[in-house]
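The block underneath contains the structure these notes are about, expressed in C-alpha coordinates.
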Amino acid sequence: MTLSNGRPYLAIPGPSVMPDRVLAAMHRAAPNIYEGALTEMVETLWPDLRRVAGTTQNVALYIANGHGVWEAANMNLFSRGDRALVLATGRFGLSWAESVRALGVEVEVLDFGKSAPVDFARVEAALRADAGHRYKAVLTTHVDTASTIRTDIPALRAVMDAVGHPALLAVDCIASLACDEFRMDGWGVDVMVAASQKGLMVPPGIGFVWFSEKARERCRTSDLRTPYWDWTPRADASEFWQYWNGTAPTHHLFGLRESLTMLLDEEGLENVWRRHDVLARAVWAAFDCWSAGNPDIGLNVADPAHRGRSVTAARFGAPHATRLREWTEHKAGLTLGIGLGMAPAGDPAYHGFLRVAHMGHVNAHMTLGALAVMEAGMVSLGIPFGAGGLAAAAEVVGRAAG
(Lines give C-alpha, C1' and ligand atoms only; values in the text may rest on other atoms or scores of the structure.)
Protein backbone atom coordinates (compact mmCIF):
# COMPACT_ATOMS: atom_id res chain seq x y z
CA MET A 1 0.00 0.00 0.00
CA THR A 2 0.97 3.66 -0.22
CA LEU A 3 0.78 6.28 2.51
CA SER A 4 1.79 9.09 0.16
CA ASN A 5 -1.62 10.64 -0.36
CA GLY A 6 -1.72 14.07 1.25
CA ARG A 7 0.53 17.07 0.90
CA PRO A 8 3.93 15.98 -0.50
CA TYR A 9 7.22 17.25 0.89
CA LEU A 10 9.95 18.13 -1.60
CA ALA A 11 13.19 17.74 0.36
CA ILE A 12 15.51 18.32 -2.58
CA PRO A 13 18.08 21.14 -2.71
CA GLY A 14 15.97 23.40 -4.91
CA PRO A 15 13.44 24.23 -5.95
CA SER A 16 12.66 24.37 -2.27
CA VAL A 17 9.32 24.36 -0.46
CA MET A 18 7.38 27.53 -1.30
CA PRO A 19 5.36 29.19 1.47
CA ASP A 20 1.64 29.52 0.88
CA ARG A 21 2.08 33.27 1.35
CA VAL A 22 4.54 33.41 -1.55
CA LEU A 23 2.21 31.38 -3.76
CA ALA A 24 -0.72 33.60 -2.78
CA ALA A 25 1.26 36.75 -3.54
CA MET A 26 1.93 35.40 -7.04
CA HIS A 27 -1.67 34.33 -7.63
CA ARG A 28 -2.98 37.49 -9.29
CA ALA A 29 -3.83 38.89 -12.67
CA ALA A 30 -1.01 40.27 -14.80
CA PRO A 31 -0.17 43.80 -13.64
CA ASN A 32 0.58 47.02 -15.48
CA ILE A 33 4.33 46.85 -16.21
CA TYR A 34 4.72 50.57 -16.86
CA GLU A 35 3.46 52.23 -13.67
CA GLY A 36 1.52 51.65 -10.51
CA ALA A 37 1.61 48.84 -7.94
CA LEU A 38 4.31 46.71 -9.59
CA THR A 39 6.83 49.49 -10.14
CA GLU A 40 6.22 50.91 -6.66
CA MET A 41 6.69 47.49 -5.05
CA VAL A 42 9.88 46.75 -7.00
CA GLU A 43 11.53 49.85 -5.58
CA THR A 44 11.29 48.22 -2.14
CA LEU A 45 13.22 45.12 -3.27
CA TRP A 46 16.67 46.65 -3.75
CA PRO A 47 17.35 47.61 -0.10
CA ASP A 48 16.23 44.16 1.05
CA LEU A 49 18.28 42.34 -1.56
CA ARG A 50 21.30 44.21 -0.22
CA ARG A 51 20.35 43.29 3.36
CA VAL A 52 20.01 39.58 2.62
CA ALA A 53 23.47 39.55 1.00
CA GLY A 54 25.13 41.71 3.65
CA THR A 55 26.14 44.50 1.30
CA THR A 56 25.52 48.18 0.66
CA GLN A 57 26.78 47.93 -2.91
CA ASN A 58 25.30 46.96 -6.28
CA VAL A 59 22.75 44.31 -7.26
CA ALA A 60 21.50 43.27 -10.70
CA LEU A 61 18.52 40.97 -11.37
CA TYR A 62 18.24 38.55 -14.29
CA ILE A 63 15.46 36.35 -15.60
CA ALA A 64 17.61 33.25 -15.17
CA ASN A 65 18.41 30.22 -13.06
CA GLY A 66 21.72 29.60 -11.29
CA HIS A 67 23.53 28.68 -14.49
CA GLY A 68 22.29 31.93 -15.97
CA VAL A 69 23.78 34.07 -13.22
CA TRP A 70 27.09 32.23 -13.58
CA GLU A 71 27.06 33.45 -17.16
CA ALA A 72 25.99 36.93 -16.09
CA ALA A 73 28.91 37.13 -13.68
CA ASN A 74 31.32 35.65 -16.22
CA MET A 75 30.33 38.06 -18.98
CA ASN A 76 30.87 41.08 -16.73
CA LEU A 77 34.00 39.85 -14.97
CA PHE A 78 36.14 38.77 -17.89
CA SER A 79 37.56 39.77 -21.23
CA ARG A 80 38.92 37.41 -23.85
CA GLY A 81 42.38 36.32 -22.80
CA ASP A 82 41.78 36.83 -19.07
CA ARG A 83 42.60 34.11 -16.60
CA ALA A 84 40.58 32.75 -13.66
CA LEU A 85 41.41 30.55 -10.67
CA VAL A 86 38.52 28.27 -9.66
CA LEU A 87 38.44 26.47 -6.31
CA ALA A 88 36.21 23.41 -6.76
CA THR A 89 34.77 21.41 -3.87
CA GLY A 90 32.24 19.44 -5.89
CA ARG A 91 30.26 19.24 -9.10
CA PHE A 92 29.07 22.86 -9.08
CA GLY A 93 32.52 24.35 -8.68
CA LEU A 94 33.63 22.32 -11.68
CA SER A 95 30.54 23.38 -13.61
CA TRP A 96 31.23 27.06 -12.98
CA ALA A 97 34.77 26.52 -14.27
CA GLU A 98 33.35 24.88 -17.42
CA SER A 99 31.01 27.84 -17.89
CA VAL A 100 33.90 30.31 -17.73
CA ARG A 101 36.15 28.22 -19.98
CA ALA A 102 33.43 27.95 -22.63
CA LEU A 103 33.59 31.74 -23.05
CA GLY A 104 37.26 31.61 -24.00
CA VAL A 105 38.69 32.53 -20.61
CA GLU A 106 41.77 30.62 -19.48
CA VAL A 107 40.85 28.69 -16.34
CA GLU A 108 43.02 26.95 -13.75
CA VAL A 109 41.09 24.67 -11.42
CA LEU A 110 42.22 23.60 -7.96
CA ASP A 111 40.03 20.53 -7.46
CA PHE A 112 39.75 19.46 -3.82
CA GLY A 113 37.58 16.44 -4.58
CA LYS A 114 34.05 15.54 -3.58
CA SER A 115 34.37 15.40 0.20
CA ALA A 116 37.20 17.71 1.28
CA PRO A 117 37.23 21.46 1.95
CA VAL A 118 39.50 23.98 0.31
CA ASP A 119 43.16 23.52 1.22
CA PHE A 120 44.29 27.10 1.76
CA ALA A 121 47.96 26.17 1.55
CA ARG A 122 47.37 25.09 -2.06
CA VAL A 123 45.48 28.31 -2.74
CA GLU A 124 48.30 30.40 -1.30
CA ALA A 125 50.86 28.53 -3.40
CA ALA A 126 48.84 29.08 -6.58
CA LEU A 127 48.43 32.79 -5.90
CA ARG A 128 52.12 33.25 -5.10
CA ALA A 129 53.05 31.40 -8.28
CA ASP A 130 51.01 33.92 -10.25
CA ALA A 131 53.73 36.54 -10.01
CA GLY A 132 52.37 38.45 -13.00
CA HIS A 133 48.90 38.66 -11.41
CA ARG A 134 47.23 37.14 -14.44
CA TYR A 135 44.31 35.82 -12.39
CA LYS A 136 41.60 38.42 -12.71
CA ALA A 137 39.31 36.60 -10.30
CA VAL A 138 39.16 33.72 -7.85
CA LEU A 139 35.86 31.83 -8.12
CA THR A 140 34.42 29.40 -5.60
CA THR A 141 31.16 28.06 -4.17
CA HIS A 142 30.16 28.99 -0.64
CA VAL A 143 28.21 25.74 -0.37
CA ASP A 144 28.55 23.29 -3.25
CA THR A 145 25.02 21.97 -3.79
CA ALA A 146 26.28 18.51 -4.78
CA SER A 147 28.95 17.76 -2.20
CA THR A 148 27.44 20.10 0.45
CA ILE A 149 30.93 21.30 1.40
CA ARG A 150 30.97 24.81 2.84
CA THR A 151 33.98 27.02 2.06
CA ASP A 152 35.37 29.36 4.71
CA ILE A 153 35.12 32.61 2.76
CA PRO A 154 36.73 34.87 5.41
CA ALA A 155 39.72 32.51 5.50
CA LEU A 156 39.96 32.63 1.70
CA ARG A 157 39.86 36.43 1.74
CA ALA A 158 42.61 36.42 4.39
CA VAL A 159 44.85 34.27 2.19
CA MET A 160 44.34 36.55 -0.79
CA ASP A 161 45.12 39.61 1.33
CA ALA A 162 48.18 38.01 2.91
CA VAL A 163 49.59 37.19 -0.51
CA GLY A 164 48.68 40.64 -1.77
CA HIS A 165 47.04 39.28 -4.91
CA PRO A 166 44.70 41.79 -6.59
CA ALA A 167 42.26 39.22 -8.01
CA LEU A 168 38.58 39.82 -7.45
CA LEU A 169 36.79 37.31 -5.21
CA ALA A 170 33.59 35.86 -6.71
CA VAL A 171 31.38 33.48 -4.70
CA ASP A 172 28.47 31.27 -5.70
CA CYS A 173 25.86 31.50 -2.92
CA ILE A 174 23.11 29.73 -4.84
CA ALA A 175 22.77 26.95 -2.23
CA SER A 176 23.57 29.06 0.81
CA LEU A 177 21.86 32.46 0.58
CA ALA A 178 19.36 32.90 3.44
CA CYS A 179 20.44 29.53 4.87
CA ASP A 180 24.09 29.88 5.90
CA GLU A 181 25.58 33.03 7.36
CA PHE A 182 27.05 35.20 4.61
CA ARG A 183 28.32 38.78 4.78
CA MET A 184 29.45 40.06 1.39
CA ASP A 185 30.99 43.35 2.53
CA GLY A 186 32.25 42.10 5.89
CA TRP A 187 34.02 39.17 4.25
CA GLY A 188 35.54 41.15 1.38
CA VAL A 189 33.61 39.53 -1.46
CA ASP A 190 33.58 41.39 -4.78
CA VAL A 191 30.98 39.43 -6.74
CA MET A 192 28.25 37.17 -5.41
CA VAL A 193 25.62 35.16 -7.30
CA ALA A 194 22.42 33.49 -6.12
CA ALA A 195 19.00 32.46 -7.40
CA SER A 196 15.40 32.58 -6.25
CA GLN A 197 14.56 28.90 -5.87
CA LYS A 198 16.44 27.85 -2.74
CA GLY A 199 16.75 29.86 0.47
CA LEU A 200 14.62 32.66 -0.97
CA MET A 201 11.66 30.26 -1.36
CA VAL A 202 10.49 31.55 -4.78
CA PRO A 203 10.07 29.46 -7.96
CA PRO A 204 13.09 29.18 -10.27
CA GLY A 205 13.35 32.07 -12.67
CA ILE A 206 15.15 35.00 -11.03
CA GLY A 207 18.91 35.22 -10.60
CA PHE A 208 20.94 37.84 -8.76
CA VAL A 209 24.45 39.23 -9.11
CA TRP A 210 25.77 41.51 -6.40
CA PHE A 211 28.99 43.36 -7.22
CA SER A 212 31.28 45.76 -5.43
CA GLU A 213 32.40 49.16 -6.64
CA LYS A 214 35.88 47.67 -7.04
CA ALA A 215 34.45 45.02 -9.35
CA ARG A 216 32.53 47.64 -11.29
CA GLU A 217 35.70 49.64 -11.92
CA ARG A 218 37.95 46.65 -12.65
CA CYS A 219 35.43 45.20 -15.09
CA ARG A 220 34.28 48.39 -16.80
CA THR A 221 36.05 47.43 -20.05
CA SER A 222 35.32 43.68 -20.02
CA ASP A 223 34.76 42.73 -23.64
CA LEU A 224 32.67 39.58 -23.17
CA ARG A 225 29.74 41.70 -22.01
CA THR A 226 26.67 41.85 -24.26
CA PRO A 227 23.63 44.15 -23.93
CA TYR A 228 21.51 41.48 -22.22
CA TRP A 229 24.11 40.42 -19.64
CA ASP A 230 25.56 43.87 -18.90
CA TRP A 231 25.07 44.48 -15.18
CA THR A 232 25.41 48.28 -15.37
CA PRO A 233 21.93 49.28 -16.63
CA ARG A 234 20.33 46.64 -14.43
CA ALA A 235 21.98 48.09 -11.33
CA ASP A 236 21.57 51.74 -12.38
CA ALA A 237 18.31 51.66 -14.33
CA SER A 238 16.79 55.01 -15.23
CA GLU A 239 13.72 53.32 -16.74
CA PHE A 240 11.85 50.32 -15.31
CA TRP A 241 12.42 48.02 -18.29
CA GLN A 242 16.20 48.37 -17.94
CA TYR A 243 16.18 46.36 -14.72
CA TRP A 244 15.33 43.27 -16.81
CA ASN A 245 16.42 44.32 -20.31
CA GLY A 246 12.78 43.98 -21.31
CA THR A 247 9.60 42.70 -19.68
CA ALA A 248 9.75 42.18 -15.93
CA PRO A 249 9.27 38.71 -14.34
CA THR A 250 6.13 40.13 -12.77
CA HIS A 251 4.74 37.32 -10.65
CA HIS A 252 8.13 36.20 -9.39
CA LEU A 253 8.68 39.73 -8.11
CA PHE A 254 5.49 39.68 -6.05
CA GLY A 255 6.58 36.35 -4.60
CA LEU A 256 10.07 37.69 -3.88
CA ARG A 257 8.62 40.68 -2.05
CA GLU A 258 6.68 38.34 0.25
CA SER A 259 9.67 36.05 0.89
CA LEU A 260 12.00 38.92 1.76
CA THR A 261 9.42 40.28 4.19
CA MET A 262 9.17 36.88 5.87
CA LEU A 263 12.95 36.41 6.09
CA LEU A 264 14.13 39.89 7.00
CA ASP A 265 11.29 41.68 8.76
CA GLU A 266 9.45 38.86 10.51
CA GLU A 267 11.87 36.05 11.36
CA GLY A 268 15.07 38.06 11.05
CA LEU A 269 18.09 36.91 9.05
CA GLU A 270 20.20 35.79 12.01
CA ASN A 271 17.27 33.71 13.27
CA VAL A 272 16.93 32.22 9.78
CA TRP A 273 20.60 31.19 9.95
CA ARG A 274 20.11 29.68 13.42
CA ARG A 275 17.05 27.72 12.30
CA HIS A 276 18.95 26.19 9.42
CA ASP A 277 21.86 25.34 11.70
CA VAL A 278 19.60 23.48 14.16
CA LEU A 279 17.78 21.54 11.44
CA ALA A 280 21.08 20.58 9.80
CA ARG A 281 22.49 19.36 13.11
CA ALA A 282 19.35 17.29 13.69
CA VAL A 283 19.89 15.54 10.34
CA TRP A 284 23.55 14.93 11.15
CA ALA A 285 22.67 13.47 14.57
CA ALA A 286 20.31 10.95 12.97
CA PHE A 287 22.94 9.90 10.44
CA ASP A 288 25.56 9.48 13.17
CA CYS A 289 23.31 6.94 14.89
CA TRP A 290 22.25 5.18 11.71
CA SER A 291 25.86 4.78 10.57
CA ALA A 292 26.83 3.13 13.86
CA GLY A 293 24.85 0.09 12.76
CA ASN A 294 25.86 0.12 9.10
CA PRO A 295 29.25 1.38 7.85
CA ASP A 296 27.78 1.91 4.38
CA ILE A 297 25.70 4.78 5.79
CA GLY A 298 27.50 8.06 6.36
CA LEU A 299 27.74 11.76 5.67
CA ASN A 300 29.78 12.97 2.73
CA VAL A 301 31.59 15.65 4.73
CA ALA A 302 33.32 14.31 7.82
CA ASP A 303 33.90 17.56 9.72
CA PRO A 304 30.73 19.48 10.69
CA ALA A 305 32.66 22.75 10.39
CA HIS A 306 32.83 22.20 6.62
CA ARG A 307 29.18 21.23 6.07
CA GLY A 308 26.59 23.53 4.56
CA ARG A 309 23.46 24.18 6.61
CA SER A 310 21.03 24.02 3.70
CA VAL A 311 21.53 20.46 2.41
CA THR A 312 23.29 17.27 3.51
CA ALA A 313 24.91 14.79 1.12
CA ALA A 314 25.05 11.20 2.31
CA ARG A 315 25.83 7.68 1.21
CA PHE A 316 23.83 4.49 1.81
CA GLY A 317 25.72 2.03 -0.33
CA ALA A 318 24.47 1.04 -3.78
CA PRO A 319 21.71 0.37 -4.60
CA HIS A 320 20.14 1.36 -1.30
CA ALA A 321 20.10 5.16 -1.71
CA THR A 322 18.01 4.88 -4.88
CA ARG A 323 15.79 2.22 -3.30
CA LEU A 324 15.23 4.46 -0.29
CA ARG A 325 14.50 7.54 -2.40
CA GLU A 326 11.94 5.63 -4.44
CA TRP A 327 10.31 4.24 -1.30
CA THR A 328 10.05 7.60 0.50
CA GLU A 329 8.54 9.31 -2.55
CA HIS A 330 6.06 6.68 -3.65
CA LYS A 331 5.15 5.20 -0.27
CA ALA A 332 5.29 8.25 2.01
CA GLY A 333 5.21 11.44 -0.09
CA LEU A 334 8.78 12.57 0.69
CA THR A 335 11.08 13.37 -2.25
CA LEU A 336 14.81 13.26 -1.47
CA GLY A 337 17.58 14.59 -3.69
CA ILE A 338 19.75 12.47 -5.94
CA GLY A 339 23.44 12.08 -5.15
CA LEU A 340 24.54 14.54 -7.81
CA GLY A 341 28.15 14.38 -8.98
CA MET A 342 29.18 11.45 -6.80
CA ALA A 343 29.23 8.89 -9.62
CA PRO A 344 28.15 8.83 -13.29
CA ALA A 345 24.49 8.02 -13.80
CA GLY A 346 25.39 4.79 -15.65
CA ASP A 347 27.66 3.56 -12.88
CA PRO A 348 26.06 1.21 -10.32
CA ALA A 349 27.75 3.29 -7.61
CA TYR A 350 25.42 6.18 -8.53
CA HIS A 351 22.65 4.40 -6.62
CA GLY A 352 24.54 4.65 -3.35
CA PHE A 353 24.16 8.43 -2.77
CA LEU A 354 21.39 10.88 -1.92
CA ARG A 355 20.88 14.33 -0.46
CA VAL A 356 18.52 15.59 2.25
CA ALA A 357 17.59 19.26 1.87
CA HIS A 358 16.65 21.40 4.85
CA MET A 359 16.57 24.78 3.14
CA GLY A 360 14.11 27.62 2.97
CA HIS A 361 10.56 27.24 4.28
CA VAL A 362 11.33 24.26 6.52
CA ASN A 363 10.68 23.80 10.22
CA ALA A 364 11.30 21.21 12.92
CA HIS A 365 8.33 18.97 12.25
CA MET A 366 9.17 18.81 8.55
CA THR A 367 12.78 17.81 9.15
CA LEU A 368 11.98 15.38 11.95
CA GLY A 369 9.19 13.95 9.81
CA ALA A 370 11.56 13.46 6.89
CA LEU A 371 14.00 11.59 9.11
CA ALA A 372 11.20 9.41 10.48
CA VAL A 373 10.08 8.54 6.94
CA MET A 374 13.65 7.65 5.99
CA GLU A 375 13.91 5.35 8.98
CA ALA A 376 10.56 3.75 8.12
CA GLY A 377 11.88 3.19 4.60
CA MET A 378 15.00 1.47 5.89
CA VAL A 379 12.83 -0.79 8.00
CA SER A 380 10.56 -1.62 5.07
CA LEU A 381 13.47 -2.24 2.68
CA GLY A 382 15.57 -4.23 5.14
CA ILE A 383 18.48 -1.76 5.10
CA PRO A 384 20.47 -2.19 8.33
CA PHE A 385 20.92 0.91 10.49
CA GLY A 386 21.90 1.85 14.00
CA ALA A 387 19.26 2.66 16.58
CA GLY A 388 18.51 6.01 18.19
CA GLY A 389 18.59 8.30 15.16
CA LEU A 390 15.19 9.88 15.68
CA ALA A 391 15.76 10.38 19.38
CA ALA A 392 19.11 12.04 18.69
CA ALA A 393 17.57 14.40 16.13
CA ALA A 394 14.72 15.23 18.51
CA GLU A 395 17.22 16.02 21.26
CA VAL A 396 19.04 18.51 19.01
CA VAL A 397 15.77 20.26 18.25
CA GLY A 398 14.49 20.13 21.80
CA ARG A 399 17.65 21.56 23.32
CA ALA A 400 17.84 24.34 20.73
CA ALA A 401 14.20 25.34 21.13
CA GLY A 402 14.52 25.32 24.90
> Under a point-charge model restricted to the Cβ atoms of Lys and Arg (+1) and Asp and Glu (-1), what is the dipole moment magnitude of the stretch 140-274 relative to its Cα centre, in debye to the nearest 20?
Replying inline: 280
> Stretched out fully, how many nm does the piece from VAL379 to ARG122 gain, at 0.36 nm a residue minus the Cα gap?
Replying inline: 88.1 nm
>> Given an 8 Å cut-off on Cα distances and at least 6 residues of separation, report the relative contact order of the stretch 1-103 as a percent.
In response: 12
>> Just want to confirm a number: the relative contact order over the chain, from Cα pairs under 8 angstrom separated by 6+ residues, in percent.
In response: 23
> Want the number for ARG28 to ALA387: 0.36 nm per residue separation, take away the alpha-carbon distance, what's left?
Replying inline: 124.4 nm
> Dipole of the chain (Lys/Arg Cβ +1, Asp/Glu Cβ -1, origin at the Cα centre): which of VAL373, VAL42, PHE112 lies farthest to the positive side?
Replying inline: VAL373
> How do LYS114, LYS198 stack up against each other in accessible area, from largest to smallest, with a 1.4 angstrom probe?
Replying inline: LYS114, LYS198
> What percent does the relative contact order of the stretch 173-299 come to when contacts are Cα pairs within less than 8 Å and at least six residues apart?
Replying inline: 23
> Using unit Cβ charges (K, R positive; D, E negative) and no other charged atoms, how large, in debye to the nearest 20, is the dipole of the stretch 64-146 about its Cα centre?
Replying inline: 80
> Any idea which of GLY388, GLY164, GLY81 is furthest toward the positive side of the dipole for the chain, if Lys and Arg beta-carbons carry +1 and Asp and Glu beta-carbons -1?
Replying inline: GLY388
> In straight Cα distance, which lysines are under 18 Å from LYS136, not counting same-chain residues fewer than 8 positions off?
Replying inline: LYS214
> Once the piece of chain linking ALA400 and ALA292 is laid out straight, how much longer is it, given 0.36 nm per residue of separation minus the C-alpha distance between them?
Replying inline: 36.5 nm
> What is the distance, in nm, between label points placed 7 Å from the Cα along the Cα-to-Cβ direction at THR226 and at LEU103?
Replying inline: 1.2
>> Amide H of ASP82 versus every other amide H placed in the peptide plane: which residues, excluding those fewer than 5 positions away on the same chain, fall under 5 Å?
In response: GLU106
> Using a Gaussian network for the chain with springs between C-alpha atoms less than 10 Å apart, which of these wobbles most: VAL17, VAL105, VAL171?
Replying inline: VAL105
> What are the lysines whose alpha-carbon lies under 27 Å from the alpha-carbon of LYS331, with same-chain residues fewer than 8 places away excluded?
Replying inline: LYS198
>> If I take R0 = 60 Å and measure r between the Cβ atoms of ASP20 and ARG80 in this structure, what FRET efficiency does the formula 1/(1 + (r/R0)^6) give, to the nearest 0.05?
In response: 0.80
> Taking amide H positions as placed 1.01 Å from N in the peptide plane, with prolines and chain starts having none, which residues 5 or more places from VAL109, or on another chain, fall under 5 Å of its amide H?
Replying inline: VAL86
> For the stretch 277-293, in order, what is each residue's ³J(HN,Hα) by Karplus, 6.51 cos²θ - 1.76 cosθ + 1.60 with θ = phi - 60°, in whole Hz (x at glycine and Pro)?
Replying inline: 5, 5, 5, 4, 5, 5, 4, 4, 4, 5, 5, 4, 6, 4, 5, 5, x
> For the chain, what is the Kirkwood hydrodynamic radius in Å, using each pair of distinct C-alpha atoms?
Replying inline: 21.9
> Which FRET efficiency value, to the nearest 0.05, is calculated for ALA302 and ASP152 with the Förster distance at 22 angstrom and r the Cβ-Cβ distance?
Replying inline: 0.90
> Tell me, what ³J(HN,Hα) does each residue in the stretch 226-239 have, in order and in whole Hz, if you take phi through Karplus 6.51 cos²θ - 1.76 cosθ + 1.60 with θ = phi - 60° and put x for Gly and Pro?
Replying inline: 10, x, 5, 8, 4, 7, 5, x, 5, 7, 10, 4, 9, 10
> If one computes the Cα centroid of the stretch 325-345 and of the stretch 47-76, what distance in Å separates the two points?
Replying inline: 30
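The values are calculated or read from the model by the stated rules, or taken from the named source; none is laboratory data. Values in this document were obtained by computation on a predicted structure and should not be read as measured data. Because the Cβ atoms are built from the backbone with ideal geometry, glycine has one as well, and the counts that use them run over all protein chains shown. Keep in mind that these areas ignore ligands, DNA and RNA; they rest on the heavy atoms of the full protein, side chains included. Shrake-Rupley method; radii C 1.70, N 1.55, O 1.52, S 1.80 Å.
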